[in-house]
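In what follows, a single structure is set out as structure tokens and then discussed.
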Amino acid sequence: MSSRRGRPPAYDREAALIAIAEAFRVRGYAAASLEEIARAAGMNRPSLFAAFGNKKAMYLAALEDYRRRMRVAVSPALEGDGALSKVLVDFFDAVIAFYHEGTAPGCLVLCTAPAEALADKEIGRALADLITEIEEQLRRRILRAADEGKGVRDPAGLAQLMLATLTGVAIHARAGVKQANLKRFARANIAAAMPGTG
């Protein structure tokens, strides 16, 4: 029986990227071996290289796809109407649920890219781009609340504080903190940042 070479006909790029992202999320960029990545993606190494390039190219593609999936999963929560505090609670609930999909909890980008960012400019740029994107999304929604007369002081500062809260949630999730405790942490930060506002 001859084995088939090259990319299999059933190859699904999106499914493969999700599997590759999970391999990196479990092991980190440096520790994840090509064998582990290929096994996770259900592809042999020649097929993996043909489809995605070298290990760094695989990682960068996985980061970008993870950002896309995170955007789809959590951005709608920021578009909700009503009290800003409730919108932020819904946003963090969606983030926490997303961080717990798959095998390894935590954010692929925030929990693996910082270790590589100083040594690799492309990975550093991917990390900075995600942080900028999330902060800008938060800032826009907070500015909307301010424009609606919701009594928000310093929208830019509040956006930065919520970004810091999200980073804390990612790291705590990675450390195995339960979802209920992460939600409590996020709610406490929201309440402290917005006393008496809605």
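The values are calculated or read from the model by the stated rules, or taken from the named source; none is laboratory data. Since this is a predicted model, take the numbers as computed values, not measurements. Positions of Cβ are generated from backbone atoms using ideal geometry, with glycine treated the same way; all protein chains shown enter the neighbour counts. Just the protein is used for accessible areas: all its heavy atoms, side chains included, with ligands, DNA and RNA removed. Shrake-Rupley method; radii C 1.70, N 1.55, O 1.52, S 1.80 Å.
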For this session: With the condition kept exactly as written, say whether any residue in region 93-100 is assigned to a loop (DSSP other than H, G, I, E, B), open to solvent by 40 Å² or more (accessible area, probe 1.4 Å) and not small (Gly, Ala, Ser).
Result: yes
Exercise. Exactly one of (1) at pLDDT below 95; (2) under 24 Å from LEU158 (Cβ atoms); (3) not in a loop (DSSP other than H, G, I, E, B) is unmet by GLY82. Its number?
Worked result: (3)
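Rundown of residues vs (1) open to solvent by less than 30 Å² (accessible area, probe 1.4 Å); (2) touching a helix residue (DSSP H, G or I) at 6+ places or on another chain (Cβ under 7 Å); (3) at pLDDT 95 or above; (4) in a helix (DSSP H, G or I), yes/no style:
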residue: ILE123; (1), (2), (3), (4): yes, yes, yes, yes
residue: ASP129; (1), (2), (3), (4): no, no, yes, yes
residue: THR132; (1), (2), (3), (4): no, no, yes, yes
residue: VAL152; (1), (2), (3), (4): yes, yes, no, no
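Right, LEU48: hydrophobic (A, V, I, L, M, F, W, C) and either modelled with pLDDT of 95 or more or in a loop (DSSP other than H, G, I, E, B) (or both) or not?
Working: hydrophobic (A, V, I, L, M, F, W, C): yes; either modelled with pLDDT of 95 or more or in a loop (DSSP other than H, G, I, E, B) (or both): no.
The answer is no for LEU48.
Residue-by-condition table, conditions (1) touching a residue at least 60 places away in the same chain (Cβ under 8 Å); (2) surrounded by 13 or more Cβ atoms within 10 Å (Cβ to Cβ); (3) out of contact with any Phe, Trp or Tyr (no Cβ under 9 Å at 6 or more places or on another chain):
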| site | (1), (2), (3) |
| --- | --- |
| GLU136 | no, no, yes |
| ARG144 | no, yes, yes |
| ASP147 | no, no, yes |
| LEU158 | no, yes, yes |
| LEU161 | no, yes, yes |
| GLY176 | yes, no, yes |
| ALA193 | no, yes, yes |
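Can you say whether ALA146 is under 15 Å from ALA21 (Cα atoms) and not in a loop (DSSP other than H, G, I, E, B), as far as the supplied structure shows? Outline the logic, then answer.
Details: under 15 Å from ALA21 (Cα atoms): no; not in a loop (DSSP other than H, G, I, E, B): yes.
Criteria not met by ALA146.
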Exercise. Of all residues in region 178-191, which are open to solvent by less than 40 Å² (accessible area, probe 1.4 Å) and farther than 18 Å from LEU138 by Cα?
Worked result: LEU182
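Which one is surrounded by the fewest Cβ atoms within 10 Å (Cβ to Cβ) among residues in region 35-64 that are touching a residue at least 40 places away in the same chain (Cβ under 8 Å) and over 20 Å from the mean Cα position of the chain (by Cα)?
Restricting attention to region 35-64, the residues satisfying the condition of being touching a residue at least 40 places away in the same chain (Cβ under 8 Å) are 46-47, 50-51, 56, 59-64.
Next, only the ones that are over 20 Å from the mean Cα position of the chain (by Cα) stay: 46-47, 50-51.
On the way: PRO46: 12, SER47: 19, ALA50: 14, ALA51: 19.
Only one residue tops the list, namely PRO46.
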For this session: Count, please, the residues in region 10-33 that happen to be of a type in the set (A, V, I, L, M) and open to solvent by less than 40 Å² (accessible area, probe 1.4 Å).
Result: 7
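Do we find that PRO114 is at pLDDT 95 or above, out of contact with any Ser or Thr (no Cβ under 9 Å at 6 or more places or on another chain) and surrounded by fewer than 16 Cβ atoms within 10 Å (Cβ to Cβ) in this structure? Step through it out loud before you land on a result.
Details: at pLDDT 95 or above: yes; out of contact with any Ser or Thr (no Cβ under 9 Å at 6 or more places or on another chain): yes; surrounded by fewer than 16 Cβ atoms within 10 Å (Cβ to Cβ): yes.
When the stated conditions are applied, PRO114 passes them.
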